[in-house]
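Structure, as structure tokens:
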Amino acid sequence: MKFLDIGEVAERTGVKPSALRYYEQSGLITSISRHGLRRQFSPEVLLQLNLIAMGKTAGFSLEEIGGMFGQGGGPHISRDRLHAKADEIDRQIIELTALRDTIRHVAACPAPSHMECPTFRRLVEVAGKRQVKRRNRRPLKEGL
């Protein structure tokens, strides 16, 4: 089996060597050996790094991502947690779509002042209500 050194892994994934060392220190990835001072990785690390990147993009913390890797570094992911994250992303899409539509309206609005535009005022009011709902929906952290 051909191993990849840290430079090759960094080049192929776009992940900086310092991040790779941090991921290894955190237990997210494991080097197989060393060639001189350079860490050597199994080719499987490329898949693991893609999963880490996907998890980060989805909004999972590195700690959560680390908990998703089973023995041997393969994924062991709670389907319930994935469904909950997908629902959260759906809510974000709805909110971002509304924000995009508001910004486009503001850019094209013929009113002399945005505050004189009834559509703009209505969109801002709806956005404010969504913010209040989102704040009330977040669970309180223990001890707060």
*Mean Cβ count within 10 Å, highest first, over the residues of peptides 23-31, 45-53*: 45-53, 23-31
_Kirkwood Rh, angstrom, segment 4-73 [1 / mean 1/r, Cα pairs]_ = 12.1
_Dimensions (Å) - the chain, Cα atoms, principal axes, largest first_ = 69, 36, 27
_Net lengthening on full extension, Y22/V132 (0.36 nm per residue, minus Cα-Cα)_ = 35.9 nm
*Where does the chain land at 222 nm, in deg cm²/dmol rounded to the nearest 500, when only DSSP H runs of n ≥ 4 count, each adding -39500 (n - 2.57), divided by all residues?*
-20000 deg cm²/dmol
_I need the helices of the chain that pass two filters: whole DSSP H segments spanning 20 Å or more by Cα along the axis, and mean Kyte-Doolittle score no lower than 1.0._
none
*asked:* Using a Förster radius of 25 Å, what is the FRET efficiency between H114 and I89 based on their Cβ-Cβ separation? Nearest 0.05, please.
replied: 0.25
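Each reported figure results from applying straightforward, stated rules to the coordinates on display, with no laboratory input. Since the model is a prediction, treat every value here as computed from it, not as a measurement. When we count neighbours, we look across all protein chains shown, and the Cβ atoms used for this are built from the backbone with ideal geometry, even at glycine.
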